[in-house]
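We did not get these values from a lab; they are worked out from the coordinates using the rules stated. Only a predicted model underlies this, so the values are computations on that prediction, with no experimental measurement involved. Cβ atoms come from the backbone with ideal geometry, glycine included; neighbour counts cover every protein chain shown.
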Amino acid sequence: MSLCLRVCTAASCRSRGGEDLRQALAAVAGSSTVVKGVGCLGPCSEGPLLELETASGVGHPERQLFGNLPASDPAALAALARSLRACAENPKAPAPWQPPAGQALDLNHPFFRLQRRLVLKHCGRIDPESITEALAAGIYQQLQRVLEANDPAAVIELVRRSGLRGRGGAGYPTGLKWATVAKMPGHEKVVVCNADEGDPGAFMDRTVLEGDPHTLLEGMAIAAHAVGASRGFIYVRAEYPLAIARLRQAIHQAEQQGWLGTAIAGSRFNFEIALRVGAGAYVCGEETALIQSIEGKRGMPRPRPPYPAEQGVFGLPTLINNVETFANVPALLRLGVEAYGGGTKVFSLTGDVLRTGVIEVPMGTNLRTIVETMGGGAPQGRTIKAVQTGGPSGGCVPAQQLDTPVTYESLQALGTIMGSGGMVVMDDTTNMVDIARFFMAFSREESCGKCVPCRAGTVQLDNLLCRILERRANPADLEQLESLCVMVMDTSLCGLGQSAPKPVLSTLRHFRGDYLAMLSPEATP
Amino acid sequence: MDPMTPRKRLATVWLAGCSGCHMSFLDLDEWLIELADLAEIVYSPIASDTKTFPEGVDICLVEGGVANTDNLALIQRVRANSRVLVSFGDCAITANIPGMRNMLHGADPVLRRAYLELADGSGQRPHAPGIVPELLDRVLPVHEVVPVDLYLPGCPPSAHRIRTALEPLLRGDWPELSGPELIRFG
Amino acid sequence: MSVCTLRIDERDVAIEAGSTLLQAAREAGIAIPTLCVLEGLSPVAACRLCLVEVSGSEKLLPACITPVQEGMQVHTATPRLQEIRRTVIELLFTEGNHVCAICVANGHCELQDLAVEVGMDHSRLPYRFPDRHVDLSHPLFGLDHNRCVLCTRCVRVCDEVEGAHVWDVGWRGEHCRIIAGLDEPWGAVDACTHCGKCVEVCPTGALFHKGDTSEEKHSDPGRLQALVHARHHRQWTP
């Protein structure tokens, strides 16, 4: 019987010893057993994770997932390896294998069953460090098709018809963006992938970068062909060393195999991608600041217009999309508009929820389905109070509104945003003023300092929130908090400042009681 | 002046400031004589011997920021007993020059610098509880301690500015202060 | 030359296409408060004082960089905008240490004038009293960070007009400060030509001539504009 052992070596499992596990299991590898490190397998809270695929030669291979495996105990690891070797050498049809330590996870659990994996199709399946596996899985086939057809307008039209919107947070229609850049005059254009994922509690893009970098490269190349660009940049944050290493390797492999560079796949299409590593500024996720940073300048936003589509990197027309947006493109082309349907959204589920991890669900899935059915709800004895989406630019959805479907519009109606996909669950022990203050302190720290309302306003807002938390604030302070929030939102230069007050306004809207309970009416001004 | 209209009870208070605002008040010159008809000075470092801030004050001009425990106690008494509290001059409004010690982070470094590091030979920290009031950690503008009704900026506010604010108040009207003549700092 | 006609504060204005709303408003004699913008330097739209309401736009637009459009309806002084401007000035006063009484620019300071213009007789936001420093390492000039409003006029004039690029902005957010060279003492930066343009364009007393004492600094941004104009038109005599 042949075995395929997939050990999660993405950041979360790696921090729990996933790499040690992989090395220990490598000893099991033999003629009938393959051991490989793969990208994220999903339920991070159960890591380190191992997927066992057994094929007896008849029927479909069977997959089992195991969590909480030993990682640092050599004896336990040796026992695990012995048990797996015995399983591999068992010629008969397999009884489900049981690990000597750790536990089996039910793949029929809604956490897995309710997912629809388009972006993460190959993540956790293939070895992200091997282009051979990527090619065997069909990656780069859509690029090949696009190059053979050589009809950029048709690709843009397909993207437009699909209704795909920017997955980085703002939700701008992707087809429209592509069409704008395609229409710009000039021979030199640029495609940029924004991989500066910086929201606290967000790690969707990291999952794609670490688990399936070639799909991103394919998506970028398709986009470049569609808009007529020959240069690409991936702007990735320095805090993602594993993602950076894998991207570097993937770019090198793709160049070697002719999927990047000149005359790609025998066509006349040239496209090269350079990696730019950020230096830790959240604001560089804002597209105009990101452009400045790519050019080697201080990462500060500038007013738009001109939009990057007109004047982007080095003044050239530039298409900027986020990782997940690009990674959607090959799936969209493979499935066609109809089968693609409403598409999906990748979320990183964290906080006060039983099962945390990375999931990809159909667009429009209810929040309740995600946090309760899939995530298992709040820990025992507690109840969910709110779900935070959109990070420092977003807001909180109160528990009573969990039946909201996850769409750009419905979340906006509740005073939050889809955001890039960070989803932080908070239980009833949470003080929402604390949450608002956490995000305000974040925005204060990350403000670039260019415009006055953001540079100085976030400081005053943070101080006001601290005053409330220290029970030194009176009702007039609360009034000032609200009016200053509106002022900073209305007047800041870029999206960071404009959305910095949102966590406060959203918690004030849904959890005003938390604020009122902390006021002392007698506090002097 | 209608003899039937009672004179307004006017007070002026000197907190952490240089007394320049009060000097400017004296620059009202002959109008001070008219003022005496319109107002009774019930408490003031320059025009009254009363030691305790009285009750039932109609208008109180407060010069200076809140810098020590005495200032703090007095301003609270002022607020409790004044109908219209006017922040009088930049020190009251912004903490101004006394407030420059705030950048040194607390009273202790200030006292150390002034009485020990810069002393000739035998410096010593002043310590006389009950006689010398303790410094607050920060000098605060008056409106950061108690609510303020009217602001009269300037270092000092000119006599003209003071009169433009006081005249309507004494009539029972509210002054409208704007423009460089009336609300410029410095 | 094509002309745009628009309406600003119920006044009809005709101006060359490509002009900004700020230019159009000034042409019509309508004063919009500004701080970071200075004719002759590239605009950065950072102070947000010149935000105006434009019919049909939900967002407030900075007049200094928004081009005029035919038929635009612009409001420059609604209660909402006045409230915003006062708050901006309060934010500036409270984030630095602006002690007008002892400042070289007292009486000739754009920030001080703006406070009057927006009717700021006190700050509703608390003063922060940051710990900032003074750089007196240059033989002719001084830089008092306490008085700096980070308008970056000095950065731009040194880069765009003098071509020396002595100044830049270091750090970020509330920790931002103007830096000379690679955050060196100003006097140690060889690139400085001692031209004094940065002092000339500084709206406050942050950059000053060393001999100046209170109220003695008189900036004249007009000299910069004359220089830029002369260079642009290659016309050196009036």
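Placing +1 on each Lys and Arg Cβ and -1 on each Asp and Glu Cβ, with no other charges, gives the stretch C:96-178 a dipole about its Cα centre of roughly 280 debye.
Over all other residues within a Cβ to Cβ distance under 10 Å of residue A:181, the charged ones net out to +2, with Lys and Arg as +1 and Asp and Glu as -1.
Note on chain B: Kirkwood radius taken over Cα pairs, Stokes-Einstein applied at 37 °C and 0.692 mPa s, translational D equal to 189 µm² s⁻¹. Dimensions of the stretch A:80-163 along the principal axes, based on C-alpha atoms and rounded to the nearest Å, stand at 56, 31, 23, largest first. One way to sum up the overall shape of chain A is the equivalent ellipsoid from its Cα gyration tensor, whose semi-axes run 39, 32, 19 Å, largest first. Where a ≥ b ≥ c are the square roots of the eigenvalues of the C-alpha gyration tensor, would you call chain C rounded, which needs a/c under 1.5, or, failing that, prolate if a/b is larger than b/c, or oblate? Oblate, because a/c is 1.5 or more while a/b does not exceed b/c.
With a simple spin-label model that places each label point 7 Å from the Cα along the Cα-to-Cβ direction, the separation between residue B:40 and residue C:184 comes to 7.1 nm. Placing dummy labels 7 Å off each Cα toward the beta-carbon, the span from residue B:127 to residue A:108 is 7.9 nm.
In plain terms, the residue of A:438, C:208 with the fewest other Cβ atoms within 10 Å comes first and the most crowded comes last, giving A:438, C:208. For the stretch A:121-233, the C-alpha radius of gyration divided by 2.2 N^0.38 Å, with N the number of residues, is 1.11. Under the rule a/c < 1.5 gives rounded, and otherwise a/b versus b/c splits prolate from oblate, where does the stretch A:375-525 land using the Cα gyration tensor? Because a/c hits 1.5 or more and a/b fails to exceed b/c, the stretch A:375-525 counts as oblate. Computed over the alpha carbons of the stretch A:405-457, Rg followed by Dmax gives 14.0, 38 Å. Taking only Cα atoms of the stretch A:2-106, what ratio of Rg to Rh do you get with Rh as the Kirkwood inverse-distance radius? Rounded to two decimals, Rg over Rh is 0.94. Near the amide H of residue A:276, within less than 5 Å, lie the amide hydrogens of A:234, A:235, A:236, all on another chain or at least 5 residues away, with H placed in the peptide plane.
Remark on the stretch A:131-339: Rg and Dmax equal 15.6, 45 Å (Cα only). Listed by chain and number, the lysines whose alpha-carbon sits under 17 Å from that of residue A:502, ignoring those within fewer than 8 places in the same chain, are C:59. Ranked for footprinting exposure by Cβ neighbours inside 10 Å, fewest first, C:78, B:164, A:507, C:152 give C:78, B:164, C:152, A:507. Among A:336-348, A:456-468, A:386-398, sorting by the average number of other beta carbon atoms lying within 10 angstrom of each residue, highest first, gives A:386-398, A:456-468, A:336-348. Against the longest alpha carbon principal axis of chain C, how many degrees, from 0 to 90 and to the nearest 10, is the axis of helix C:79-95 turned? That works out to roughly 10 degrees.
Send over the Kirkwood Rh of the stretch A:312-361, from the inverse of the averaged 1/r over different Cα pairs, rounded to one decimal Å.
After inverting the pairwise mean of 1/r, the radius is 13.6 Å.
What is the percent of Cα-Cα separations in the stretch C:3-75 that go past 22 Å?
Summing the P(r) of the stretch C:3-75 above 22 Å gives 13 percent of all pairs.
Derived value for the stretch C:101-157: Kirkwood hydrodynamic radius 13.6 Å. Basis is the mean of 1/r over every pair of different alpha-carbon atoms. Per-residue ellipticity at 222 nm from helix content only, as computed over chain A with -39500 (n - 2.57) for each DSSP H run of at least four residues, stands at -12000 deg cm²/dmol. Converting the Cα gyration tensor eigenvalues of the stretch B:84-144 into ellipsoid dimensions via √(5λ) gives semi-axes, longest first, of 27, 14, 9 Å.
Rounded to the nearest 5, the antiparallel percentage of DSSP beta bridges internal to chain A is 55%.
Inter-chain Cβ neighbour count for C:164-174, averaged per residue, equals 4 (cutoff 10 Å, partner chain atoms only). Based on the Stokes-Einstein relation at 25 °C and a viscosity of 0.890 mPa s, and on the Kirkwood radius from alpha carbon pairs, the stretch A:432-516 is assigned a translational diffusion coefficient of 199 µm²/s. For the stretch A:322-337, 3J(HN,Hα) computed residue by residue from phi via the Karplus equation (6.51, -1.76, 1.60; θ = phi - 60°) reads 8, 3, 5, 4, 4, 5, 6, 5, x, 5, 4, 5, 5, 8, x, 4 Hz, glycine and proline entered as x.
Would you list, by chain and number, the lysines whose Cα falls below 18 Å from the Cα of residue A:121, excluding same-chain residues fewer than 8 positions away? The qualifying lysines are A:36, A:345. Ellipsoid semi-axes for the stretch A:107-154, based on the Cα gyration tensor and the rule √(5λ), read 28, 16, 6 Å when sorted largest first. Over the stretch C:102-213, the alpha carbon radius of gyration divided by the compact-protein estimate 2.2 N^0.38 Å works out to 1.09.
Computed from point charges on the beta carbon alone (+1 for Lys and Arg, -1 for Asp and Glu), the dipole magnitude for the stretch A:2-106 about its Cα centre is near 160 Debye.
Approximating the spin labels as points 7 Å out from Cα along Cα→Cβ, the residue A:255-to-residue C:131 distance works out to 4.8 nm.
The orientation-averaged projected area of the convex hull spanned by the Cα atoms of the protein assembly as shown comes to 50.5 nm². Based on alpha-carbon atoms, the Kirkwood radius and the radius of gyration of the stretch A:346-427 give Rg/Rh equal to 0.92. Farthest toward the positive end of the dipole of the protein assembly as shown, out of A:305, A:86, A:25, is the Cα of A:86, where the dipole comes from beta carbon charges about the Cα centre.
Straight-line cross-link partners of residue C:210 among the lysines, defined as a Cα under 17 Å from its Cα and at least 8 positions apart when in the same chain: C:197. Residues in the stretch C:39-48 carry Karplus couplings, in order, of 4, x, 10, 5, x, 10, 6, 9, 7, 6 Hz; the curve used is 6.51 cos²θ - 1.76 cosθ + 1.60 with θ = phi - 60°, and Gly or Pro positions show x.
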